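Heads up, the thing below is written out as C-alpha cells.
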C-alpha cells in the first residue's frame with residue numbers, strides 16, 4: 001500500500017519558521033548591572049559586538065546596553081565611564097523562547113522598534129538574536145511597510161499603505177512562505193495600521209482624559225490569523241469615574257469609533273456583517289458591562305446565543321489601557337471555573353459543524369445557490385473546526401492565549417494528549433490555511449470575488465490527498481472534544 005503523505009512534509013521548512021536558536025551564532029554576552037561602563041565598553045570592543053545584555057545573578061535579563069546608548073546617554077569625559085551599566089541601560093528587553101519561529105522575532109523588532117531579542121528559557125538568558133541575524137527576513141519589505149505606517153499623517157496615507165501590506169502578503173504567498181508566518185505578518189501589520197488610525201482619530205478628541213479605555217481585537221484578528229480576505233471584529237472596553245454614567249462616556253466614544261470603523265473599511269477590512277464593531281453601542285461597553293455580558297452568555301446563554309458569541313472569547317488588547325482587558329480576562333476565568341455545562345454547550349455547537357468527508361473518506365461537496373461546481377468551505381468546514389476546539393480547550397484550562405496554535409500547545413498537555421497528536425492538528429490547520437491563502441491570491445489575480453469555497457476536485461492529486469488528511473485530523477480533534485465534554 002502506498003504510504004500516506006505527511007502534512008508536515010507538505011508544509012515544508014520555511015526560513016521564517018526556523019527556530020531562533022538556530023540563528024544565535026554564539027553564547028550570549030552579558031554582564032551584571034553594577035559593572036562599570038568602562039569594563040563593559042572594553043568587553044564589547046574585545047568581543048566585537050554592538051550590544052550586551054544586563055542580567056541579574058540568576059542570568060535573568062534586566063536590560064540591554066548598546067553603543068547607541070553609549071553615544072546618546074554617556075558623556076565621554078571625566079568619570080562618566082565609572083558609572084554602573086545598570087544606570088544607563090535600556091530596560092525594555094523583549095524575550096522569546098529559543099524554539100520560537102524567526103518571524104516572531106522579526107515582528108517583535110518591528111513593532112517595538114528594537115534591534116535585539118533575548119532568547120529566554122525558564123527565565124534565564126540562553127541567547128541573543130539581532131536584526132543583522134534576521135537581515136534576509138527584512139528583504140520582504142517588513143521594515144519599509146512598518147516605517148510607512150508609523151510616519152503616516154493621514155488616513156489617505158494609510159489607505160495607500162494598506163495596499164502595500166496586501167502586496168507584501170501576496171509576495172509571501174508567491175514565495176511559498178508558510179501559512180502561519182503569512183497570517184501572523186498580515187495580522188501584526190494590520191494591528192499597526194489600526195493603532196495608527198486610532199491615534200489619528202483620538203488625537204483631537206477632548207473630554208476623555210479621565211477615562212481609561214482599550215480598543216480590543218476579536219475574531220481572526222484577536223487570534224492573529226487574518227488572511228488576505230478579512231472583515232473587522234472589534235470593541236471598546238472603558239472604565240469611568242463613579243460620578244459619570246457609562247452611557248455618557250459611551251456617547252463620547254461612539255462617533256470616533258464609527259469613523260475608525262469606516263477608515264478600516266477604506267483600508268480593506270470590510271465592515272462586519274454582524275455589526276461586531278466598536279462603533280456599535282452594543283460592543284462599546286464599560287468593564288462592568290462587559291463582565292455582565294459574558295456572565296449572561298456563560299450562565300444563561302442558549303446554544304444559538306453562544307454560537308454567535310464565540311468570537312468574543314478571542315478578545316485581546318490592541319491599543320490603550322491593556323490592564324482593563326487583563327481584568328476582563330481574569331473575570332472570565334472566575335466565571336468559567338468549574339462551569340462544565342457552559343463548556344458542554346460550546347462543544348455541542350462546535351460538533352454541529354462536521355468536516356466535509358463522507359463515509360468512504362471522500363469529500364462531501366455542496367452547491368451554494370445552485371452554482372456549479374459543488375464545493376466545500378475551507379473556513380467554516382475546515383479552519384473553524386480547529387479554532388472552535390482550541391478555544392474550548394483553552395477556556396477549560398484557564399489559558400489567556402488567543403491564537404489557535406498557542407491554545408493547542410498550552411492547553412492540551414493538561415489533558416494528557418500526546419504532542420505528536422496535537423502537532424498533527426496544527427499541521428492540518430496550517431495546510432488548510434495555506435489552501436485558503438492560495439485560493440484568495442488566485443482569485444485576486446483573476447479579479448473575481450474572493451471566497452473561501454473550493455472545489456476539491458480542482459486540486460492536483462497530491463493536494464487532494466493532503467486536504468483529505470487534514471480533514472481527517474479535523475475529525476480527530478472533534479473526537480477528543482466529544483470525549484472530554486460528553487456527560
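The values are calculated or read from the model by the stated rules, or taken from the named source; none is laboratory data. Please read all numbers here as calculations on a predicted model, not as lab measurements. With ideal geometry, Cβ positions are generated from the backbone for all residues, glycine too; neighbour counts draw on all protein chains shown.
Which of the following residues is on the phi > 0 side of the Ramachandran plot and surrounded by fewer than 22 Cβ atoms within 10 Å (Cβ to Cβ): 416, 424?
416
Specify which of the listed residues (446, 462, 429) is under 28 Å from residue 231 (Cα atoms) and more than 25 Å from the chain's Cα centre (by Cα).
Testing whether each residue is under 28 Å from residue 231 (Cα atoms) and more than 25 Å from the chain's Cα centre (by Cα) leaves just 446.
Please identify the pairs in which a residue from the stretch 412-436 that is without any contact (Cβ under 8 Å) to a residue 60 or more places away in the chain and not assigned by TED's automatic domain parsing to the domain that holds residue 224 has its Cβ atom under 9 Å from the Cβ atom of a residue that is part of a helix (DSSP H, G or I) and exposed (fewer than 13 other Cβ atoms within 10 Å of the Cβ), counting only partners at least 6 apart or on another chain.
Here the result reads 412/419; 413/419, each pair linking the stretch 412-436 to a residue that is part of a helix (DSSP H, G or I) and exposed (fewer than 13 other Cβ atoms within 10 Å of the Cβ).
Determine which member of the set 201, 225, 247 is surrounded by fewer than 20 Cβ atoms within 10 Å (Cβ to Cβ) and touching a residue at least 60 places away in the same chain (Cβ under 8 Å).
Testing whether each residue is surrounded by fewer than 20 Cβ atoms within 10 Å (Cβ to Cβ) and touching a residue at least 60 places away in the same chain (Cβ under 8 Å) leaves just 201.
Go through the stretch 264-286 residue by residue and tally those that are crowded, with 21+ Cβ neighbours inside 10 Å and assigned to a helix (DSSP H, G or I).
So the count comes out to 2.
Looking at this structure, is residue 403 crowded, with 17+ Cβ neighbours inside 10 Å, touching a residue at least 12 places away in the same chain (Cβ under 8 Å) and either touching a helix residue (DSSP H, G or I) at 6+ places or on another chain (Cβ under 7 Å) or within 20 Å of residue 459 (Cβ to Cβ) (or both)?
no
Mind checking which residues of the stretch 26-45 are touching a residue at least 12 places away in the same chain (Cβ under 8 Å), over 17 Å from residue 87 (Cα atoms) and outside any loop (DSSP other than H, G, I, E, B)?
43, 44
Taking the stretch 86-99, which residues are within 15 Å of residue 23 (Cβ to Cβ) and modelled with pLDDT under 90?
Within the stretch 86-99, just 99 meets the criteria.
Going residue by residue through the stretch 263-273, is there one that turns out to be closer than 26 Å to residue 152 by Cβ, free of Cβ contacts under 8 Å to residues at least 24 places away in the same chain and outside the structural domain of residue 447 (by TED's automatic domain parsing)?
no
Restricting to the stretch 329-353, what's the tally of residues that are at pLDDT 90 or above, surrounded by 14 or more Cβ atoms within 10 Å (Cβ to Cβ) and either in contact with a strand residue (DSSP E or B) (Cβ under 6 Å, 6 or more places away or on another chain) or outside any helix (DSSP H, G or I) (or both)?
1
Which ranges mark the helices (runs of 4 or more DSSP H) fully within the stretch 54-165 that have 2 or more residues being surrounded by fewer than 19 Cβ atoms within 10 Å (Cβ to Cβ) and without any contact (Cβ under 8 Å) to a residue 12 or more places away in the chain?
67-73, 142-151
In the stretch 197-238, what count of residues is obtained for those that are in a helix (DSSP H, G or I) and under 30 Å from residue 384 (Cα atoms)?
Of the residues in that region, 6 qualify.
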